[in-house]
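Below: one structure, written as structure tokens.
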Amino acid sequence: MANSSLAREKIPWFPSINYDLCKGAKECLAFCPNHVYAWEEVGARTIVANPYNCTVGCDNCAQICPAQAITFPDKEELRTTLRRLREEAAAPSVAKGP
């Protein structure tokens, strides 16, 4: 869904964990091949350790979470953001004089 020419850090697509719902099943941790999640020993919970490793548009971990504790931004909002970023990237930059 994302254009590889866009800086990943500009694309706000990564999971959020609702700790009121999370039961610590670690399904997301085992499932994600991009190492987005890590286990935090101190809090004894899964955390989003590498948010920008998340594949833009992928929300499969949310679908496999038995507690439905993982959410993502709205996909229509993502499309709007990607459209805007592509337009900004395509716009000629205006050089400023001395």
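The values are calculated or read from the model by the stated rules, or taken from the named source; none is laboratory data. Note that the coordinates shown come from a computational prediction; the quantities given were computed from them, not determined experimentally. Don't worry about glycine lacking a Cβ; one is built from the backbone with ideal geometry, like all the others, and counts go over all protein chains shown.
Here are the numbers:
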{"item": "Evaluation of LEU21 against (1) of a type in the set (A, V, I, L, M); (2) closer than 30 Å to ARG84 by Cα; (3) surrounded by 12 or more Cβ atoms within 10 Å (Cβ to Cβ) (one fails), failing number", "result": "(2)"}
{"item": "Test: residue in the range 68-76 that is assigned to a helix (DSSP H, G or I), of a type in the set (Ser, Thr, Tyr), out of contact with any Phe, Trp or Tyr (no Cβ under 9 Å at 6 or more places or on another chain) and surrounded by fewer than 16 Cβ atoms within 10 Å (Cβ to Cβ)", "result": "no"}
{"item": "Criterion violated by CYS22 - all others in (1) in contact with a helix residue (DSSP H, G or I) (Cβ under 8 Å, 6 or more places away or on another chain); (2) part of a loop (DSSP other than H, G, I, E, B) satisfied", "result": "(1)"}
{"item": "Test for ILE70: is it in contact with a strand residue (DSSP E or B) (Cβ under 9 Å, 6 or more places away or on another chain), touching a residue at least 40 places away in the same chain (Cβ under 8 Å) and on the phi < 0 side of the Ramachandran plot", "result": "yes"}
{"item": "CYS32 vs. criteria in contact with an Asp or Glu (Cβ under 7 Å, 6 or more places away or on another chain), over 30 Å from GLU87 (Cβ atoms) and surrounded by 15 or more Cβ atoms within 10 Å (Cβ to Cβ)", "result": "no"}
{"item": "Flag for ALA62 being small (Gly, Ala, Ser) and either surrounded by 15 or more Cβ atoms within 10 Å (Cβ to Cβ) or free of Cβ contacts under 8 Å to residues at least 60 places away in the same chain (or both)", "result": "yes"}
{"item": "Scope the range 35-44; condition closer than 14 Å to PRO15 by Cβ and surrounded by fewer than 15 Cβ atoms within 10 Å (Cβ to Cβ); matching residues", "result": "HIS35, ALA38"}
{"item": "Filter result (of a type outside the set (Ser, Thr, Tyr) and in a helix (DSSP H, G or I)) within the range 50-64", "result": "PRO51, ASN53, ASN60, CYS61, ALA62, GLN63, ILE64"}
{"item": "Conditions (1) aliphatic (A, V, I, L, M); (2) modelled with pLDDT of 95 or more; (3) in a loop (DSSP other than H, G, I, E, B); number of the one not met by ILE47", "result": "(3)"}
